[in-house]
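Nothing in this text is a laboratory measurement; each read-out follows from the coordinates by a stated rule. Just so it is clear, the structure is predicted and the values come from calculations on it, not from any experiment. Cβ sites come from the backbone with ideal geometry, for glycine too, and all protein chains shown count toward neighbours.
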Amino acid sequence: MVWSKTSRHARGYGAEWDRLRLQILERDGHLCQCPDCRRAGGQPLPAHEVDHIKPKAWFKSGKAQGNPDDPSNLRSVNRDCHKKLTTLQKGYRPAVRVGVDGYPIEE
Ligand SMILES: [Zn+2]
């Protein structure tokens, strides 16, 4: 992986985000808050990442209003769940097992 000097900062992630991230993880008890993990009967996976419930892009495009980094728009997620959520947000359909590019999609 190639690290860009500016990308992390340009995307709005810095010391402030690191602090916010820890705050959200504490709030959620370091447990994944994704729909799958929150489903009744399931044991939530440990969370190490923080996800925007409404993607930041929505705020830029005007689809969502307010501050994307407000704690009400943030939730703790497990790394694998985060990947799954991001995939869904990009418009892949969960009912499809394998995408057109051959990438497997978990149900
Ligand atoms: Zn989860």
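Projected label points at Asp101 and Lys60, each 7 Å from Cα along the beta carbon direction, are separated by 1.8 nanometres. Working from Cα pairs under 8 Å separated by at least six residues, relative contact order for the range 38-92 is 41 percent. When you filter the trypsin sites (Lys or Arg not before Pro) in the range 15-63 for DSSP loop state and at most 11 other Cβ atoms inside 10 Å of their Cβ, you are left with Arg39, Lys63.
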